[in-house]
Every structure is written in structure tokens, then in C-alpha cells.
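Asker: Below are the C-alpha cells for one structure; questions will follow.
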Amino acid sequence: MELSKHHNYPGKLIVLEGTDGVGRSTQMELLANWLAVEGYGVTRTSWKSSGLITRAIEKAKEKNALNTITFSLLYATDLAERLNSIILPALKAGLIVLADRYYYTAFARDVVRGADPAWVRKLYGFALEPDLVFYMKMPLEPLLRRIITTRGGLDFYESGRDIGMSTDLYQSFKLYQSQILYEFEQMADEFGFKTIDASRPIEDIQRTLRKELKDILSDKSLASG
Ligand SMILES: Nc1ncnc2c1ncn2[C@@H]1O[C@H](COP(=O)(O)OP(=O)(O)O)[C@@H](O)[C@H]1O
Ligand SMILES: [Mg+2]
């Protein structure tokens, strides 16, 4: 693959990171619509959405058949495939790529699942470095309340049930997500995340995101939409 760490393509790769329920989808929708209205070409891509790989991941999860390594490798393949088919072509065409989660999600999850941090970082060595990473941060308790009230329940994998932290789903979610939050916190400096307080109202967060994007949007190499 013709990939390098720092890309020099005319487009921009903007990442929205954060744990389950922090509002990534909500903010991404608003950002994409706004950018399109402002005249930019926009492409969106989400974690685990590759046409080739997603079904394999879903099937393996249904059977609880993944271990630490196969979990890592499948998700890495998913990103490699999307880089190839979606992200790279868009960046070359001068588009703004909005990515809902990126390899930081893997860095957090895989390490919590027992992978060596250096190994996971190396595994994703093929991937382009984003131009900007927003980390939507929210404390565990309000996040838990938000997920239960809006989704009506907790997800098996987002609760780390596959790695048997607790047989109680609620306890398991708290244990697992607090470790994930810790990993994100550790990465914030390492990767220069723009940390966003995700417990604020939707419109406030959106305003902050738009303001933070100003420098990037002034780049004349971007294509119009
Ligand atoms: N800032 C916010 N304040 C209150 N509720 C929010 C906020 N952002 C999102 N929500 C709600 O929380 C739920 C999860 O949001 P969503 O965007 O799907 O999160 P994610 O994609 O990060 O999992 C949705 O029901 C959404 O309407
Ligand atoms: Mg979402």
C-alpha cells in the first residue's frame, strides 16, 4: 500500500473519537451537513463499516469466537480496507473525510483486552495520521445514564462481557469503560487530541467543533462540494 504516516494529500482527515454514547454520530451528522452547506466536499466513514469485513466481525462476535489477536487483526483489516476504498481516494480528491472513530479506539480496546500497546501501534503502522482528532470526553456515570435512557440497555462488547470482567452486565460496563476511558486519557497528550467536553449541550459542542476546524478549512487545497 502507498501509505505513509504524514499525508500530503489535498484533503483532510478529521477524526471524532470517544467511548460509546458520547455523541459522535450526533456531532458528525451536524458537521457533515454544515460542511456541505459551506461548500466543502465531505466523505464520512465509521469504525467497522467496511463492506468486506464488517460481516466477518459480526459473525465472529455472535459466536464469541474472537480472542485478543483475532479481534485486533479483524478491526485493523476493516480500517485498511476503508483506507484503500474510501479514505485515500477522498483525500486525493481534496475532500474532508470525517471518521467516526479511528485507530485510537483500537489502541484503547485492544490494550484493555490484553494486547501489547507497542504491538497494536505497529499493527496500525499502515494507516495515515489524521489532520485533527477530537476526543469527546465524558465521565462514566453520566455516560452510563445517557446510554441506558437513550438506548434502553447495554451492549455486550461495549461492556467488555467477552473478556469476562464481571457476569453482571452493568458492573462489567463500568469496569470495562473505565479502563477504556483511562486509555483514552493516556493517549490525549501522546497524540495531541483536542479534548471536547461531551457532557455539554449538543449545540455547544457543535459550535466548538466548527470553531476548531477553522484553520483546517482555510486550506485552499480543499475541493468544493
Ligand atoms: N450533548 C448531548 N447531550 C445529551 N444527549 C446527547 C448529546 N449528544 C448525543 N446525545 C444523545 O445520546 C445518544 C447517543 O448519541 P450518539 O451520537 O448516538 O453517540 P455515539 O455515536 O457516540 O455512540 C443519542 O440518543 C443522542 O441523541
Ligand atoms: Mg454512533
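Asker: Could we say that Ile87 is among the β-branched types (Val, Ile, Thr) and buried (at least 20 other Cβ atoms within 10 Å of the Cβ) here? Before the answer, list the steps.
Answerer: Working: among the β-branched types (Val, Ile, Thr): yes; buried (at least 20 other Cβ atoms within 10 Å of the Cβ): yes.
Spelling it out, Ile87 is indeed among the β-branched types (Val, Ile, Thr) and buried (at least 20 other Cβ atoms within 10 Å of the Cβ).
Asker: Filter segment 29-46 for residues that are surrounded by 20 or more Cβ atoms within 10 Å (Cβ to Cβ) and within 16 Å of ligand 2 (Cβ to nearest atom) and give the result.
Answerer: Those that are surrounded by 20 or more Cβ atoms within 10 Å (Cβ to Cβ) and within 16 Å of ligand 2 (Cβ to nearest atom): Leu31, Thr45.
Asker: Would you mind stating whether Arg121 is surrounded by fewer than 18 Cβ atoms within 10 Å (Cβ to Cβ), assigned to a helix (DSSP H, G or I) and touching a Gly at 6+ places or on another chain (Cβ under 6 Å)?
Answerer: Values: surrounded by fewer than 18 Cβ atoms within 10 Å (Cβ to Cβ): yes; assigned to a helix (DSSP H, G or I): yes; touching a Gly at 6+ places or on another chain (Cβ under 6 Å): no.
No: the conditions fail for Arg121.
Asker: Name the pairs whose Cβ atoms lie under 7 Å apart, with the first residue in segment 25-54 and of a type in the set (A, V, I, L, M, F, W, C), the second in a loop (DSSP other than H, G, I, E, B) and more than 13 Å from ligand 2 (Cβ to nearest atom), and 6 or more positions between them or separate chains?
Answerer: Matching pairs, first to second residue: Ala36/Gly225; Val42/Leu95; Val42/Gly225.
Asker: Inspect segment 53-67 for any residue being in a helix (DSSP H, G or I) and under 17 Å from the mean Cα position of the chain (by Cα) and give the result as yes or no.
Answerer: Here is the first cut: in segment 53-67, the ones in a helix (DSSP H, G or I) are 54-62.
Of the ones still in play, those that are also under 17 Å from the mean Cα position of the chain (by Cα) are 54, 57.
Yes, there is a match, as at least one residue in segment 53-67 is in a helix (DSSP H, G or I) and under 17 Å from the mean Cα position of the chain (by Cα).
Asker: Which one of Asp20, Asp110 is outside any helix (DSSP H, G or I) and either of a type in the set (Asp, Glu) or farther than 28 Å from Asp215 by Cβ (or both)?
Answerer: Working: Asp110 fails: outside any helix (DSSP H, G or I).
Going through Asp20, Asp110 in turn, the sole match is Asp20.
One line per residue, one yes/no per condition, for (1) within 16 Å of ligand 1 (Cβ to nearest atom); (2) within 30 Å of Pro10 (Cα to Cα); (3) more than 17 Å from the chain's Cα centre (by Cα):
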| residue | (1), (2), (3) |
| --- | --- |
| Leu98 | yes, yes, no |
| Ala108 | yes, yes, no |
| Ala115 | no, no, yes |
| Glu129 | no, yes, no |
| Phe134 | yes, yes, no |
| Thr150 | yes, no, yes |
| Arg161 | no, no, yes |
| Leu169 | no, no, yes |
| Tyr182 | no, no, no |
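Asker: Kindly establish whether Gly23 is closer than 21 Å to Ser172 by Cβ, surrounded by 16 or more Cβ atoms within 10 Å (Cβ to Cβ), at pLDDT 95 or above and within 16 Å of ligand 1 (Cβ to nearest atom). Spell out the reasoning first.
Answerer: On the way: closer than 21 Å to Ser172 by Cβ: no; surrounded by 16 or more Cβ atoms within 10 Å (Cβ to Cβ): yes; at pLDDT 95 or above: yes; within 16 Å of ligand 1 (Cβ to nearest atom): yes.
The answer is no for Gly23.
The values are calculated or read from the model by the stated rules, or taken from the named source; none is laboratory data. Everything numeric here is computed off the predicted structure, so don't read it as measured data. Reconstructed Cβ throughout: ideal geometry from the backbone, glycine too, with neighbour counts over all protein chains shown.
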